[in-house]
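Let me begin by presenting the structure, written as structure tokens, before commenting on it.
The values are calculated or read from the model by the stated rules, or taken from the named source; none is laboratory data. Since the structure is predicted, the reported quantities are computational estimates derived from the model, not experimental observations. All Cβ positions, even for glycine, are placed from backbone atoms using ideal geometry, and neighbour counts span all protein chains on display.
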């Protein structure tokens, strides 16, 4: 409690814009209506914490709240337990517990949720610490209240009526419909502050009064409270180690029943995290979008250390964390591009711990994970992008991890593991072909799949695999160079050029090849590849993947025939029509949301593309395009996220871009300059160091950079290096209404590309 008191005294002073705190700008309902796929969740949690809670069903337009989960184990990928309260007559039927609600009677924030449950005219409130959710129910009707708790899969409940406590566990047996090889047991401890009038268990739609223990599938418990003249309070703690550990969380994190105290404490914790970046200027809506996006970036990764220990499903053992918190739940295909680079600036200490966690997962499971959930490596996407986050950290001087062990794991994955999505384990014949020939082979039209390891609907993704691994190999080569591993440097530098094997100069696109080295025919850059383009790509088409060469934009420009042709092609991307009715297009590409021509704002492989004009002599076009995309696709509304958010995947793009810079190539310690939406930005870099950005005369019209000074020196190129800002820096941008078409165009000062270096 001394730590809590000290934290409160330090944090209560953090406010911004007068009486409005930074966290008050967050609107978790942004994106609550998914354009095509998954909506965002108005999640209550602390930054990177285990306890995550929201109402069910998700979706802004849902008319009823059916229940609240004990906790959301992984973003969109599983919840444990569920609870709901009602003043209807006691009933075992879950549908009788549901309640209508109204957004006008709802409060949403990162640290607090409140809603009027209309069926009983009851106010429900909740807040959350690292491992504990704390709910409060206030009644208006003088009648008993019934609390229901249920497990989801093969759970167990133990009721201790006198202690007003329930302990037990729930099971996670599958992710994305795929059964887990090693199901995970999640423990819980539940406590309420009122005496029970009645209690029992639920089994097969039957109430078992006075029953204290139950186990099995589709089971639960019920409790009746007769005294509704005062609020009922409920705490739920979760643990991946034991029920006793969950009980410890109850006592250590919420030792008393002062709901308002914990609500305020959690608010100040969020204020501290979000105040790492302070902005001035812009509209109120832009501030709301900005801080909501920043809040989303703290959803991943998740710290699952519990009092110096953690359970790992990578070897099904409990480990000591040796003083280094263990993090899981990283959809790295989405987060390596911008979320991890952002956290390198805002939270470098935890970034180092996250990388150490990757290394531990490699040591425990035998492979460097590509999509590390709590339940294990969920290899549903492609790439070995741990190489990106590790290399990016290393060359931005975050090195509190075992780089030799990291390199060992990355190298093993790249040379010995299969590249196929949805597949763990050793290389297949397709991987062997890739390593020999430098490209991943696609099936010819009508050719049947014979490789059993290829997922039935994720397909081969042949071009996407080659391009993604070319970048990953470049990352590994950079590490090899610094670690003086000369043979590895040569090997992976050569493999970093494999992307060139998929460029078809006759059509000007990245395109698939069959095993005989022939271009697949017929091939339509917009429509070929089946559902999500997955025969050749991943969720997108050739118009997106042609630009997916993050490490060698200069090489891509050369393949396309120079700056002029490159820019013409890039211009066309943003205006190219569908070619077929939009509904037919989306039938093939449901992930193609936030469409601007063929550019897809709602999917992560597109995020770096608007910045590519910086490499081709036209940075003013980057400035124009970035502003337009932010204005159209990032809004303060339930439609304000145009794709699958994926825990910071899309939001980090906005945070960076609204500040005026972006990491096009994680692994290169530099940032491309765009066009900030705020007049002043101050980023806390730690240890008293700050990055200050002034965008003079910045406005909706004044979006073009006229000149730039970094630490008093003129910037000749449209980028700056990490080393020039990390110890504190001041960037001054003069903004104007018309482009300065000469600024940033000197070919001697271009952002990094592999082809432009020795």
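A few remarks follow.
- Hey, residue 495 over 23 Å from residue 421 (Cβ atoms) and out of contact with any strand residue (DSSP E or B) (no Cβ under 9 Å at 6 or more places or on another chain) or not: no
- Filtered residue count, region 231-257, keeping only those that are buried (at least 22 other Cβ atoms within 10 Å of the Cβ) and part of a loop (DSSP other than H, G, I, E, B): 2
Every residue, every condition in (1) touching a residue at least 40 places away in the same chain (Cβ under 8 Å); (2) surrounded by fewer than 23 Cβ atoms within 10 Å (Cβ to Cβ); (3) in a helix (DSSP H, G or I), yes or no:
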| site | (1), (2), (3) |
| --- | --- |
| 458 | yes, yes, no |
| 467 | yes, no, yes |
| 475 | yes, no, yes |
| 484 | no, yes, no |
| 493 | no, yes, yes |
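- Leading residue by the ranking (farthest from the chain's Cα centre (by Cα)) among those in region 502-541 that are more than 16 Å from residue 441 (Cα to Cα) and part of a helix (DSSP H, G or I): 531
- Any chance residue 129 is buried (at least 16 other Cβ atoms within 10 Å of the Cβ), in contact with a helix residue (DSSP H, G or I) (Cβ under 7 Å, 6 or more places away or on another chain) and on the phi < 0 side of the Ramachandran plot: yes
- Complete set of residues in region 703-734 that are crowded, with 20+ Cβ neighbours inside 10 Å and either touching a helix residue (DSSP H, G or I) at 6+ places or on another chain (Cβ under 9 Å) or in a loop (DSSP other than H, G, I, E, B) (or both): 703, 704, 705, 715, 717, 718, 719, 725
Matching residues to (1) in the same structural domain as residue 323 (by TED's automatic domain parsing); (2) more than 30 Å from residue 675 (Cβ to Cβ); (3) modelled with pLDDT of 95 or more:
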{"site": "240", "(1), (2), (3)": "no, yes, yes"}
{"site": "243", "(1), (2), (3)": "no, yes, yes"}
{"site": "259", "(1), (2), (3)": "no, yes, yes"}
{"site": "264", "(1), (2), (3)": "no, yes, yes"}
{"site": "269", "(1), (2), (3)": "no, yes, yes"}
{"site": "290", "(1), (2), (3)": "yes, no, yes"}
{"site": "305", "(1), (2), (3)": "yes, yes, yes"}
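- Looking only at region 693-702, and only at residues there that are part of a strand (DSSP E or B) and without any contact (Cβ under 8 Å) to a residue 60 or more places away in the chain, the one that is surrounded by the fewest Cβ atoms within 10 Å (Cβ to Cβ): 696
- The set of residues in region 400-429 that are surrounded by fewer than 20 Cβ atoms within 10 Å (Cβ to Cβ), outside any loop (DSSP other than H, G, I, E, B) and either within 30 Å of the chain's Cα centre (by Cα) or in contact (Cβ under 8 Å) with a residue 24 or more places away in the chain (or both) comprises 403, 404, 405, 408, 412, 415, 416, 426.
- Leading residue by the ranking (farthest from residue 132 (Cα to Cα)) among those in region 270-311 that are surrounded by fewer than 21 Cβ atoms within 10 Å (Cβ to Cβ) and in contact with a helix residue (DSSP H, G or I) (Cβ under 7 Å, 6 or more places away or on another chain): 288
- Residues that are touching a helix residue (DSSP H, G or I) at 6+ places or on another chain (Cβ under 8 Å) and crowded, with 19+ Cβ neighbours inside 10 Å, drawn from region 85-110: 86, 109, 110
- Checking 221, 201, 140, 228 one by one, the residue that is surrounded by 15 or more Cβ atoms within 10 Å (Cβ to Cβ), not assigned by TED's automatic domain parsing to the domain that holds residue 309 and not in a strand (DSSP E or B) is 228 and no other.
- Among the residues of region 678-692, none qualifies, meaning not one is part of a loop (DSSP other than H, G, I, E, B) and in contact with a helix residue (DSSP H, G or I) (Cβ under 6 Å, 6 or more places away or on another chain).
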